[in-house]
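Report on the following structure.
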Amino acid sequence: MVPSIQECYQLMDAYRMLDNIRAHSVVVAKVARLIAQGLQQANIDISVETATAGALLHDIGKTASLQSGGDHSEIGREICLKNHLDEIAPIVAEHVRLKEYAENGDYSEKEIVFYADKRVNHDQIVSLNERLAYILDRYSRGQEQLSRAIKKNFFLCRQVQDKLFRMLPFSPECLSRMVAGCPPPREVSLD
């Protein structure tokens, strides 16, 4: 089941999503929705509703992980499955690291949310380089192996960016300006 926008917000409340994580998720959803709409207009088989819901819920496990120290992607996947959101669970599970990617393969909501999340630092749209610098500073903890893994993940994200924007009528640099004009995802304004 793909939850409505209202149901996504209800889940955020039910799982006590922190305000800063919620604000981040809303901006990620704006980016994801814009990309999904553009791909759909280019006749790519993408669900705007699934991409938007996946983006809104991508960090649903983050509050719990801050308390437990667990992997927020896995906790989020479990939350989705517990709530019968089978279509959203894989998107949440892979929003940090895509398990499978084919440059010339089908487009997916997973790729869209993976990319959109990498473009939003806190609640601001930033370049991939800016987000990478933040992630390295915050999470690599001076460990070279972890730093290499993060850089490799962002190299993949640049490949995803190239794939997505090959079919879009706007560039990655336009996202911030375009999203600024988008209202937050609400039940009544998905179009």
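Laboratory data are not the source of any read-out in this text; all were calculated from the coordinates shown. Computed from a prediction, not measured in an experiment: that's the story for all the values here. Note that each Cβ is placed from the backbone with ideal geometry, even for glycine, and that neighbours are counted across all protein chains shown.
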query: Which of the residues spanning the stretch 13-25 are part of a helix (DSSP H, G or I) and out of contact with any Leu (no Cβ under 6 Å at 6 or more places or on another chain)?
result: ASP13, ALA14, ASP19, ASN20, ILE21, ARG22, ALA23, HIS24
- prompt: Hey, any hits in the stretch 26-47 for a residue that's part of a helix (DSSP H, G or I), under 16 Å from the mean Cα position of the chain (by Cα), more than 24 Å from GLU173 (Cβ to Cβ) and free of Cβ contacts under 8 Å to residues at least 24 places away in the same chain?
  reply: no
query: Which one is farthest from ILE150 (Cα to Cα) among residues in the stretch 72-128 that are surrounded by fewer than 16 Cβ atoms within 10 Å (Cβ to Cβ) and among the aliphatic types (A, V, I, L, M)?
result: LEU81
statement: Condition set part of a helix (DSSP H, G or I) and among the polar types (S, T, N, Q), scope the stretch 1-12, selection farthest from SER73 (Cα to Cα): answer is GLN6
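Residue by residue, here is whether (1) out of contact with any strand residue (DSSP E or B) (no Cβ under 7 Å at 6 or more places or on another chain); (2) over 24 Å from SER127 (Cβ atoms) holds:
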| residue | (1), (2) |
| --- | --- |
| MET12 | yes, yes |
| VAL27 | no, no |
| ALA42 | yes, no |
| ASP45 | yes, yes |
| GLY76 | yes, yes |
query: Can ASP45 be described as under 20 Å from LYS163 (Cβ atoms) and acidic (Asp, Glu)?
result: yes
query: Out of the stretch 72-96, which residues are out of contact with any helix residue (DSSP H, G or I) (no Cβ under 7 Å at 6 or more places or on another chain) and aliphatic (A, V, I, L, M)?
result: ILE79, LEU85
- prompt: Taking the stretch 51-72 as the search range and keeping residues that are part of a loop (DSSP other than H, G, I, E, B) and free of Cβ contacts under 8 Å to residues at least 24 places away in the same chain, which one is farthest from the chain's Cα centre (by Cα)?
  reply: GLY69
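From ASP117, ASP162, ASP86, ASP106, which residue is assigned to a helix (DSSP H, G or I), of a type in the set (Asp, Glu) and either touching a strand residue (DSSP E or B) at 6+ places or on another chain (Cβ under 9 Å) or closer than 28 Å to LEU11 by Cβ (or both)?
From the options ASP117, ASP162, ASP86, ASP106, the qualifying one is ASP117.
Residue-by-condition table, conditions (1) assigned to a helix (DSSP H, G or I); (2) more than 16 Å from the chain's Cα centre (by Cα):
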| position | (1), (2) |
| --- | --- |
| ALA133 | yes, yes |
| LEU136 | yes, yes |
| ARG141 | no, yes |
| SER147 | yes, yes |
| ILE150 | yes, yes |
| ASN153 | yes, no |
| LEU156 | yes, no |
| PRO169 | no, yes |
task: Could you pull out the residue among ILE21, ILE5 that is within 17 Å of the chain's Cα centre (by Cα) and more than 16 Å from VAL120 (Cα to Cα)?
output: ILE5
message: Name the single residue that is farthest from LEU85 (Cα to Cα) among those in the stretch 1-43 being exposed (fewer than 15 other Cβ atoms within 10 Å of the Cβ) and hydrophobic (A, V, I, L, M, F, W, C).
response: ALA42
